[in-house]
1. Check off (1) in contact with a strand residue (DSSP E or B) (Cβ under 6 Å, 6 or more places away or on another chain); (2) surrounded by fewer than 11 Cβ atoms within 10 Å (Cβ to Cβ); (3) of a type outside the set (Lys, Arg) for Ile64 and give me the number that stays unchecked.
2. Every residue in the stretch 82-111 that is surrounded by 15 or more Cβ atoms within 10 Å (Cβ to Cβ), in contact (Cβ under 8 Å) with a residue 60 or more places away in the chain and under 10 Å from the mean Cα position of the chain (by Cα), please.
3. Can you tell me which residues in the stretch 40-59 are over 11 Å from the mean Cα position of the chain (by Cα) and touching a residue at least 24 places away in the same chain (Cβ under 8 Å)?
4. Kindly indicate the residue of the stretch 58-84 that is modelled with pLDDT under 90 and touching a Leu at 6+ places or on another chain (Cβ under 8 Å) and also nearest to Phe38 (Cα to Cα) among those meeting that condition.
Amino acid sequence: MCLTYLLIFTIILASNSLIPETFIRQILKDNGMPLKIFLSSTLRKHVPGYDPAKGVVLSPDKEITVAELCEQMNIPEHRIKLIIVDGKNKSLAHVLTGVERVGLFPAIGGG
């Protein structure tokens with residue numbers, strides 16, 4: 001319960017810009033907040049047993065790039081056309097610290 005109050009207090013302080021975002025991320029990481037990965041459409045077939053409601057939860061030992069994450073998950077990089085990390089467009093070279101929400105999307109065709 002104390003951890004819950006600590007996280008709520010940290011989020012409130014962060015929203016008021018009283019403490020740096022890097023400090024908040026470290027607190028979340030130290031308290032077991034994992035990396036969450038969500039896959040769209042055809043990328044899901046590369047991860048056996050993928051649950052779209054839960055995504056994939058990982059706790060990396062060290063910082064990794066999105067490209068390294070894709071390699072670990074057996075997702076071909078050339079299939080990924082859009083990478084969203086915490087609501088922002090990123091590249092395969094973006095470094096993940098372990099507390100982000102990552103969305104990976106393939107090219108979408110239509111006409």
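1. For Ile64, the exception is condition (2).
2. Once the filter is applied, which keeps residues that are surrounded by 15 or more Cβ atoms within 10 Å (Cβ to Cβ), in contact (Cβ under 8 Å) with a residue 60 or more places away in the chain and under 10 Å from the mean Cα position of the chain (by Cα), the stretch 82-111 yields Leu96, Thr97, Gly98, Val99, Glu100, Val102, Gly103, Leu104.
3. Ser40, Ser41, Thr42, Leu43, His46, Val47
4. Of everything passing the filter in the stretch 58-84, Leu58 is nearest to Phe38 (Cα to Cα).
The values are calculated or read from the model by the stated rules, or taken from the named source; none is laboratory data. Remember, predicted model here, so these are calculated numbers, not experimental data. Positions of Cβ are backbone-derived with ideal geometry, glycine not excepted, and every protein chain shown enters the neighbour counts.
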